[in-house]
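The values are calculated or read from the model by the stated rules, or taken from the named source; none is laboratory data. This is a predicted model, so every value here is computed, not measured. Backbone-built Cβ (ideal geometry, glycine too); neighbour counts: all protein chains shown.
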């Protein structure tokens, strides 16, 4: 996703106004990161994509699993952003 979908024009343009944060659960802080992931998503599965409101922290959209379709991922982002009024 990071290499093939995020840089695509339909997605990259939408992500310009977003703050991207990633949890990698395979490093030194593995257990702490997994605990945070479970708290945020209720799951240990990867990948999980969340779109959160930066002010309230409210979850606007969730995607479990990769979506290797540029327009499909762009549409997912747009739908989530519409919930925040962005």
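Using the structure shown, decide if residue 36 is surrounded by fewer than 14 Cβ atoms within 10 Å (Cβ to Cβ), in contact (Cβ under 8 Å) with a residue 12 or more places away in the chain and not in a loop (DSSP other than H, G, I, E, B). Steps first, please.
Details: surrounded by fewer than 14 Cβ atoms within 10 Å (Cβ to Cβ): yes; in contact (Cβ under 8 Å) with a residue 12 or more places away in the chain: yes; not in a loop (DSSP other than H, G, I, E, B): yes.
So residue 36 fits the description; yes.
Summed over segment 63-79, residues that are over 19 Å from residue 9 (Cα atoms) and surrounded by 15 or more Cβ atoms within 10 Å (Cβ to Cβ) total 1.
Checking each residue in segment 67-79 for being within 13 Å of the chain's Cα centre (by Cα) and either part of a strand (DSSP E or B) or modelled with pLDDT under 95 (or both) picks out only 67.
When we screen 42, 85 for residues that are modelled with pLDDT under 90 and either surrounded by fewer than 11 Cβ atoms within 10 Å (Cβ to Cβ) or in contact with a helix residue (DSSP H, G or I) (Cβ under 7 Å, 6 or more places away or on another chain) (or both), the only hit is 85.
For beta carbons closer than 7 Å, sequence separation of 6+ or different chains, a first residue in segment 52-66 that is outside any strand (DSSP E or B) and a second that is loosely packed, with under 11 Cβ neighbours inside 10 Å, the qualifying pairs are 54/19.
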